[in-house]
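The values are calculated or read from the model by the stated rules, or taken from the named source; none is laboratory data. Worth saying up front: this structure is predicted, and the values here are computed from it rather than measured. For neighbour counting, all protein chains shown are included, and Cβ atoms are generated from backbone atoms with ideal geometry for every residue, glycine included.
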Ligand code: GLN
């Protein structure tokens with residue numbers, strides 16, 4: 001085990017600044033750990049590419065250029081396209097696809113000097129809650145290899161939790177940053193919708209998809225978000241907001257912070273081990289000066305049917321581009337054009353993706369649009385309104401990320417609805433476009449990690465990171481490592 005394993009970005013940055021380590025050494029260390037790992041967290045690793053980037057970072061630092069992130073290794077969820085690595089989206093459809101350009105997120109982190117150590121495994125087209133939907137196999141949870149890593153950014157979460165790399169990118173459409181972060185015991189933040197460019201993020205549900213950082217600490221997430229966020233004219237839903245320093249409020253005291261606890265997040269479906277950890281974390285916030293108010297998010301239960309109409313509808317449209325002509329896989333034998341489409345898509349997509357395409361096409365079809373899609377959009381609006389009512393009484397909302405700790409690989413594999421139900425606490429913030437994060441707050445059954453979810457109003461990322469950082473300054477859950 002090298003000194004750099006399980007280190008924060010902040011620590012690694014200090015090592016680089018003081019000359020105690022080089023970017024090439026950090027990259028070599030990370031690549032060696034990735035190579036030795038059997039978590040199935042990575043889909044594509046290209047040491048020659050990473051080492052060339054690390055050399056350039058060392059040269060930049062030697063010339064007095066670069067910033068805090070220059071020379072630090074990062075892994076990218078394989079839903080961000082990259083020109084130097086394959087971009088598979090966890091799908092057979094794109095198994096050998098190499099993009100002609102880098103996603104904005106990848107480009108910005110590279111411009112900040114970060115070194116890409118590889119592309120992480122994920123559920124196919126980011127559809128899933130367990131990372132068992134990947135064409136490249138399930139990701140294993142570093143705390144217990146029998147357990148799922150969570151989804152869809154499970155490879156990123158497992159890689160950070162296992163100390164293969166200190167940071168990774170993820171995307172969150174209905175919980176895919178927060179839930180795997182929770183189940184693997186790391187920190188992750190889904191920003192306000194539109195904060196982080198979707199350009200080059202392979203689209204699942206465009207009105208929900210949002211990229212964000214996954215790391216060991218809130219402080220590191222702030223550093224990463226500083227580089228990732230910002231207007232991008234190539235994404236039509238990118239928000240034109242002034243550049244912010246997300247680290248600026250990290251050290252603000254929490255005196256007077258009003259924490260809203262939605263009663264719907266602490267009901268019957270929540271397992272007692274997760275509830276106990278979440279309650280203990282809230283107690284800790286009270287000792288830090290926060291006060292607690294009960295709030296209500298009355299449409300929480302409706303988030304599942306609403307999301308599983310809206311997301312598949314958008315997916316069915318987004319995935320129509322995979323036709324064997326423009327990108328990726330094409331069936332090798334076919335009679336005519338129709339047959340080529342059919343065989344290509346039958347071969348290229350996995351079962352869950354096909355299910356979503358069918359559901360999506362159905363709810364958008366003539367005669368069903370009003371009954372399903374339009375209804376779901378109305379519920380989506382009401383869910384967003386409920387949050388605004390709640391934020392009149394509180395500054396942040398806290399609750400569990402997931403109803404249980406990580407379940408075993410295979411346990412829910414044949415039951416899509418059981419997977420959907422596990423998204424109950426994350427979908428609402430996604431439907432509303434609100435920022436949300438997950439921080440580790442203890443261990444439940446089987447010594448598996450538990451995450452606390454912190455949801456804020458639009459553009460309150462700096463506040464969320466402050467709240468999380470204050471907790472992490474007072475506790476040590478985020479420093480725990482598997483196998484220790
Ligand atoms: N589990 C949800 C889904 O399958 C969310 C996934 C995500 O956020 N990408 O759609």
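If you take the residues in the stretch 412-437 that are assigned to a loop (DSSP other than H, G, I, E, B) and without any contact (Cβ under 8 Å) to a residue 40 or more places away in the chain, which one is surrounded by the most Cβ atoms within 10 Å (Cβ to Cβ)? I'd like the intermediate steps shown before the answer.
Taking the stretch 412-437 first, the residues assigned to a loop (DSSP other than H, G, I, E, B) are 412-415, 422-426, 433-435.
Subsequent filtering for residues that are without any contact (Cβ under 8 Å) to a residue 40 or more places away in the chain retains 414-415.
Details: 414: 8, 415: 10.
Among residues in the stretch 412-437 that are assigned to a loop (DSSP other than H, G, I, E, B) and without any contact (Cβ under 8 Å) to a residue 40 or more places away in the chain, the one surrounded by the most Cβ atoms within 10 Å (Cβ to Cβ) is 415.
Name the residue that is farthest from the ligand (Cβ to nearest atom), counting only residues in the stretch 171-186 that are under 16 Å from residue 434 (Cβ atoms) and in a loop (DSSP other than H, G, I, E, B).
Filtering the stretch 171-186 for residues that are under 16 Å from residue 434 (Cβ atoms) and in a loop (DSSP other than H, G, I, E, B), the one farthest from the ligand (Cβ to nearest atom) comes out as 177.
Quick check on the stretch 112-119. Is at least one of its residues within 14 Å of the ligand (Cβ to nearest atom) and in contact with a helix residue (DSSP H, G or I) (Cβ under 6 Å, 6 or more places away or on another chain)?
Looking for residues that are within 14 Å of the ligand (Cβ to nearest atom) and in contact with a helix residue (DSSP H, G or I) (Cβ under 6 Å, 6 or more places away or on another chain), one finds none in the stretch 112-119, hence no.
Of all residues being touching a strand residue (DSSP E or B) at 6+ places or on another chain (Cβ under 8 Å) and surrounded by 15 or more Cβ atoms within 10 Å (Cβ to Cβ) in the stretch 231-257, which is modelled with the lowest pLDDT? Just the residue, please.
So, considering only residues that are touching a strand residue (DSSP E or B) at 6+ places or on another chain (Cβ under 8 Å) and surrounded by 15 or more Cβ atoms within 10 Å (Cβ to Cβ), the one modelled with the lowest pLDDT is 244.
Residue 160 is checked against (1) within 12 Å of the ligand (Cβ to nearest atom); (2) more than 19 Å from residue 435 (Cα to Cα) and fails just one. What number does that condition carry?
(1)
Of the conditions (1) surrounded by fewer than 24 Cβ atoms within 10 Å (Cβ to Cβ); (2) in contact (Cβ under 8 Å) with a residue 60 or more places away in the chain, residue 191 clears all except one; give me its number.
So residue 191 meets the others, but not (1).
Residue check: is residue 360 closer than 15 Å to residue 205 by Cβ and either in contact with a strand residue (DSSP E or B) (Cβ under 9 Å, 6 or more places away or on another chain) or within 16 Å of the ligand (Cβ to nearest atom) (or both)? Give the steps one after another, and end with the answer.
Values: closer than 15 Å to residue 205 by Cβ: yes; either in contact with a strand residue (DSSP E or B) (Cβ under 9 Å, 6 or more places away or on another chain) or within 16 Å of the ligand (Cβ to nearest atom) (or both): yes.
Here the answer is yes, as residue 360 does meet what is asked.
Of the conditions (1) within 16 Å of the ligand (Cβ to nearest atom); (2) closer than 27 Å to residue 314 by Cα, residue 235 satisfies every one except a single condition; which number is it?
Failed condition: (1).
Just to check your reading of the model, which residue among 315, 280, 311 is away from the ligand (no atom under 16 Å from the Cβ) and at pLDDT 95 or above? Steps first, answer last, please.
On the way: 315 fails: away from the ligand (no atom under 16 Å from the Cβ); 311 fails: away from the ligand (no atom under 16 Å from the Cβ).
Testing whether each residue is away from the ligand (no atom under 16 Å from the Cβ) and at pLDDT 95 or above leaves just 280.
Only residues that are within 23 Å of residue 298 (Cβ to Cβ) and not in a strand (DSSP E or B): list them for the stretch 391-411, please. Steps first, answer last, please.
The first filter runs over the stretch 391-411 and keeps only residues within 23 Å of residue 298 (Cβ to Cβ), leaving 391-403.
Matches in the stretch 391-411: 391, 392, 393, 394, 395, 401, 402, 403.
Which of the numbered conditions does residue 222 fail, given that it passes all the others? Conditions: (1) out of contact with any strand residue (DSSP E or B) (no Cβ under 8 Å at 6 or more places or on another chain); (2) buried (at least 24 other Cβ atoms within 10 Å of the Cβ); (3) part of a loop (DSSP other than H, G, I, E, B).
(3)
Based on this model, can you work out whether residue 382 counts as touching a residue at least 60 places away in the same chain (Cβ under 8 Å), more than 19 Å from residue 140 (Cα to Cα) and under 19 Å from the mean Cα position of the chain (by Cα)?
no
So, in the stretch 259-273, exactly how many residues are within 25 Å of residue 457 (Cβ to Cβ) and surrounded by 15 or more Cβ atoms within 10 Å (Cβ to Cβ)?
So the count comes out to 8.
Considering each residue of the stretch 264-309, count those that are outside any helix (DSSP H, G or I) and within 20 Å of residue 406 (Cα to Cα), and give that number.
5
Do we have any residue at all in the stretch 25-33 that's more than 19 Å from residue 215 (Cβ to Cβ) and touching a residue at least 40 places away in the same chain (Cβ under 8 Å)?
Checked against the condition, which is being more than 19 Å from residue 215 (Cβ to Cβ) and touching a residue at least 40 places away in the same chain (Cβ under 8 Å), the stretch 25-33 yields no hits at all.
How many residues does the stretch 120-154 contain that are crowded, with 24+ Cβ neighbours inside 10 Å, within 12 Å of the ligand (Cβ to nearest atom) and in a loop (DSSP other than H, G, I, E, B)?
Residues meeting the conditions: 12.
Provide a single number: the residues in the stretch 392-424 that are within 19 Å of the chain's Cα centre (by Cα), over 18 Å from residue 304 (Cα atoms) and within 16 Å of the ligand (Cβ to nearest atom).
Total meeting the criteria: 2.
Would it be correct to say that residue 347 is in a helix (DSSP H, G or I) and surrounded by fewer than 15 Cβ atoms within 10 Å (Cβ to Cβ)?
Taking the combined requirement at face value, the residue satisfies it.
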